[in-house]
Amino acid sequence: MAEVLIVEDDRMIGETLRDSLRGQGYRVRLVTSGSQAIQTLAGGTIDLALVDLGLPDLDGVELIRRLREAQPAAVIVILTARRDEIDVVVGLEAGADDYLMKPFRLAELLARLRAHLRRGPAAAQRARLVVGQLEVDEVARRATLGGVAVELRAKEFDLLARLAMGAGEAVSRETLMSDVWDAHWFGSTKTLDVHIAALRRRLVEVAESAGCLAPAITTLRGHGYRLEVPTGDAVAGGR
Ligand code: CA
């Protein structure tokens, strides 16, 4: 049974969420401040955290950073008001996997959470993908570049694996959203872009330390992304 932590200072929203999630069979803890959330972290593993960015005592982004550190395998979803859109990007960069704009439909939230939990670390599938110096092992959930481990967050890994599966092919935004995040929902575009940006940064960092080229992820305007297949030494060495 999945453990869910809700951090929300608006009692109405928090209690409604808690009751609905309990009704779905989740074990749920509701806290109304950042400091309570941090105390809760000591109490065991969390599978999923729903975090309101506007908390009375602690910056929501700082809380996400601490949550991510304490619970590397947890899925973290930001709950936010539309006016805090900038914070969403910062929150995603700090370690959140997804976000939901208030007001949201409960049915939509529940569908998202089910999808996230299904895709948790336990859902090992498929195989080992090799694209040039990049290797993505979907069973072990491990990626290496030039033999050096690429440390990725859950969704970054899923995104890289999905792109690697279709290496050299254009993969549409819709496909990436539905395969990595399940279903489409409003506002998800930013989630994808932030994760791509983070993925590119990590690949470049690792490529530098491994002394090889970073695999390029090309942006296809109005369509999606493509993970490029390196043309290889033969071409680099001239004809
Ligand atoms: Ca709030």
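Report every pair of residues separated by at least 6 positions or lying on different chains whose Cβ atoms are under 8 Å apart, first residue within segment 72-91 and in contact (Cβ under 8 Å) with a residue 60 or more places away in the chain and within 16 Å of the ligand (Cβ to nearest atom), second aliphatic (A, V, I, L, M) and assigned to a helix (DSSP H, G or I).
These pairs meet every condition: 79/13.
Against the conditions (1) loosely packed, with under 14 Cβ neighbours inside 10 Å; (2) touching a Lys or Arg at 6+ places or on another chain (Cβ under 9 Å), where does residue 46 fall short? Just the number, please.
Going through (1) loosely packed, with under 14 Cβ neighbours inside 10 Å; (2) touching a Lys or Arg at 6+ places or on another chain (Cβ under 9 Å) one by one, residue 46 breaks only (1).
Restricting the search to segment 59-83, which residues are assigned to a strand (DSSP E or B) and open to solvent by less than 20 Å² (accessible area, probe 1.4 Å)?
If the condition is that a residue be assigned to a strand (DSSP E or B) and open to solvent by less than 20 Å² (accessible area, probe 1.4 Å), then 75, 76, 77, 78, 79, 80 are the ones that fit.
So which helices (runs of 4 or more DSSP H) stay within segment 139-221 end to end and still have 1 or more residues that are over 26 Å from residue 78 (Cβ atoms)?
Answer list for segment 139-221: 154-165, 188-210.
Being among the polar types (S, T, N, Q) and assigned to a helix (DSSP H, G or I): is that true of residue 16 here?
The answer is yes for residue 16.
Which one is farthest from the ligand (Cβ to nearest atom) among residues in segment 53-68 that are among the charged types (D, E, K, R) and under 19 Å from residue 194 (Cβ atoms)?
So, considering only residues that are among the charged types (D, E, K, R) and under 19 Å from residue 194 (Cβ atoms), the one farthest from the ligand (Cβ to nearest atom) is 68.
In the set 62, 15, which member is at pLDDT 90 or above, acidic (Asp, Glu) and within 21 Å of the chain's Cα centre (by Cα)?
One residue alone meets the criteria, 62.
I'm checking my understanding of the structure. Among residues of segment 84-119 that are under 11 Å from the mean Cα position of the chain (by Cα) and assigned to a strand (DSSP E or B), which one is surrounded by the fewest Cβ atoms within 10 Å (Cβ to Cβ)?
Here the answer is 98.
So which residues in segment 1-50 are in contact with a helix residue (DSSP H, G or I) (Cβ under 9 Å, 6 or more places away or on another chain), of a type in the set (S, T, N, Q) and away from the ligand (no atom under 13 Å from the Cβ)?
16, 20, 24
Could you tell me which numbered condition residue 129 fails, if it satisfies all but one of (1) closer than 22 Å to residue 202 by Cβ; (2) assigned to a helix (DSSP H, G or I); (3) hydrophobic (A, V, I, L, M, F, W, C)?
All conditions pass for residue 129, except number (2).
Against the condition of a type outside the set (A, V, I, L, M, F, W, C) and closer than 16 Å to residue 217 by Cα, how does residue 135 come out, does it pass?
Yes.
The values are calculated or read from the model by the stated rules, or taken from the named source; none is laboratory data. Computed from a predicted model, the values in this text were never measured in an experiment. Backbone-built Cβ (ideal geometry, glycine too); neighbour counts: all protein chains shown. Each accessible area value is taken on the protein alone, full model and side chains, heavy atoms only, with ligands, DNA and RNA left out. Shrake-Rupley method; radii C 1.70, N 1.55, O 1.52, S 1.80 Å.
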